[in-house]
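Structure record follows, encoded as structure tokens.
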Amino acid sequence: MTTVVVAGALANKHRLGGSTWVRMSWAESLKRLGFNVVFVEELHDGGDPATFRSATEAMGVRGALVGGGELSGMTWGELHECLDEAALLVNISGHLRRPELLRRVRLRAFVDLDPGYTQVWHAEGRDVGLLGHHHHFTVGCNIGTRDCPLPTGGIRWRPIRQPVVMERWAPAEGGFSRFTTVASWRGAFGPVAWGGHTYGVKAHEFRRFAQLPSETGLPFEVALDIHAADAADRDLLEGGGWHLIEPAAVSTPGGFARYVRGSGAEFSVAQGVYVHTRSGWFSDRTVRYLASGRPALVQDTGFGHSIPTGDGLLTFSTPGEAAENAMRIVNDYEHHRTAAGQLAAELFAPERALAPLLDATGVAP
């Protein structure tokens, strides 16, 4: 059986259930395709080893957690043997940085989850973990095309979709209840500037849609990580009819899955750099809503060239479009619910989503 090493943040993403699912889904999808998967993480200050252990156990894969000069999950000899025999390293966001470990795997693929940030920071000379890789993939399907002004750094960025193991997200029963999303008000990165333009954080986009619940008369809810200093924004959202819940509800993989599957549909805006550069970014969170048979109404980032919209997945650019398409979902909910699940199965199940990775690298189970 062919061994593939997946590197990414699990322990370092504790309290972020959705982010944990991203890394788990890549590893589980490769396992479903018939690979022997080994998960490797470099532990940073504040990381939670228990989260790493529970995630790797849930996936049924071997794991190695590297922290300083210490290693848990396997011995150094076992880790070196796994890396030496592996046919491929899938390095999510360039997480694995240690040269003495990185170079042991003969074929290495970088996976970019943050198109725009990755390319601009690289152009600015920052270390984003790109060095030492043979292939580069991005969830921004327009990176490197005429539609997107972001720098490529001379790298061939291959588009790839976020995979999902469909059985993990079996649709829950029930009709439409409310639109929901999970969000960090200002995100982890802050604004980014390129080509004379400064691209704002999610808060700048979200404010434009603060009145959407009041304007449509529909229920909208967000599990929102928002600082106390942003009390004015909290008041703006609640004044517009938004129901805010604490992010603790989605802080674990289980809590995140229950929240998504218990929702009626997703409504979400995107980071300014994703939207205004037409990067084609598509959210891993949206993939999980679709897989759960939950329609999604999301801000347009230019992904319509590669992902069909209109049934189960609808987009918007303006508040008027958001309101109109929200009503379309609610008024024909069963149609959009069925279409959402079909879209996930057709485009994001492991066989289709990871085909670009396997085709480019030539790796087979």
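If R0 is 35 Å, the Cβ-Cβ spacing of F189 and H335 corresponds to a FRET efficiency of close to 0.40.
The angle separating the long axis of helix 49-59 from the principal Cα axis of greatest extent in the chain is about 90 degrees.
Averaging the sequence gap over all C-alpha pairs within less than 8 Å and six or more residues apart, then dividing by the number of residues, gives the range 188-300 a relative contact order of 26 percent. Report the local net charge at T318: Lys and Arg +1, Asp and Glu -1, summed over other residues whose C-beta lies under 14 Å from its C-beta. Summing Lys/Arg as +1 and Asp/Glu as -1 gives -3.
With K and R counted +1 and D and E -1, the other residues having a Cβ less than 10 Å from that of P247 yield a net charge of -1. The range 100-126 and the range 1-64 have their alpha-carbon centroids 18 Å apart. Over the residues of the chain, the helix contribution to mean residue ellipticity at 222 nm works out to -9500 deg cm²/dmol, using -39500 (n - 2.57) for each DSSP H run of at least 4. Taken along the Cα-to-beta-carbon direction at a fixed 7 Å, the label points for W76 and R126 span 3.3 nm. Computed over Cα pairs, the Kirkwood radius of the range 167-347 leads via Stokes-Einstein (0.692 mPa s, 37 °C) to a diffusion coefficient of 199 µm² per second. Taken as Cα centroids, the range 168-216 and the range 302-365 sit 17 Å apart, rounded to the nearest whole angstrom. Using only the C-alpha atoms, the convex hull of the range 180-234 corresponds to 103 Å³ per residue. Distance between the modelled labels on A360 and S177, one decimal in nanometres: 3.8 nm (7 Å Cα→Cβ projection). For A229 and E324, calculate 0.36 nm times their separation in residues minus their Cα-Cα distance, and state this gained length in nm to one decimal. This chain segment gains 30.9 nm when fully extended. Against the chain, whose longest principal axis is taken from its Cα atoms, helix 17-32 shows a tilt of about 50°.
Here is the list for the range 170-225: chymotrypsin sites (Phe, Trp or Tyr not before Pro) lying in DSSP coil, each with at most 14 other C-beta atoms within 10 angstrom of its C-beta, are F189.
The modelled label-to-label distance for the pair E238/R352, using points 7 Å beyond Cα in the direction of Cβ, is 4.2 nm. Note the listed values [x] -0.63, -0.74; [y] -0.38, -0.49; [z] -0.56, -0.68, then indicate which one is log10 I(q)/I(0) by the Debye sum over Cα atoms at q = 0.08, 0.09 Å⁻¹ calculated from this particular structure. Answer by label: [y]. Taking every alpha-carbon pair under 8 Å whose residues sit at least 6 apart, the chain reaches a relative contact order of 18 percent. Taking Cβ atoms as reference points and 9 Å as the exclusive limit, the residues near R168 contribute a net charge of -1, counting Lys and Arg as +1 and Asp and Glu as -1.
Between the Cα long axis of helix 333-347 and the first principal axis of the chain there is an angle of about 20°, rounded to the nearest 10.
Close amide H partners of T180, meaning residues 5 or more places away or on another chain with modelled amide H under 5 Å apart, are E221, G264, A265, E266, F267.
The loop-placed GluC sites (Glu not before Pro) in the range 159-261, going by DSSP, that have at most 14 neighbouring Cβ atoms within 10 Å of their Cβ come out as E173.
Note on the chain: GNM, Cα springs under 10 Å; of T286, T309, T118, the largest mean-square fluctuation is that of T309.
Taking the Cα of M1, stepping 7 Å toward and past its beta carbon, and measuring to each backbone N in the range 330-357: which are under 18 Å? The answer is 350-351.
None of the figures in this text is laboratory data; all of them are computed from the coordinates on show. Please read all numbers here as calculations on a predicted model, not as lab measurements. Cβ atoms come from the backbone with ideal geometry, glycine included; neighbour counts cover every protein chain shown.
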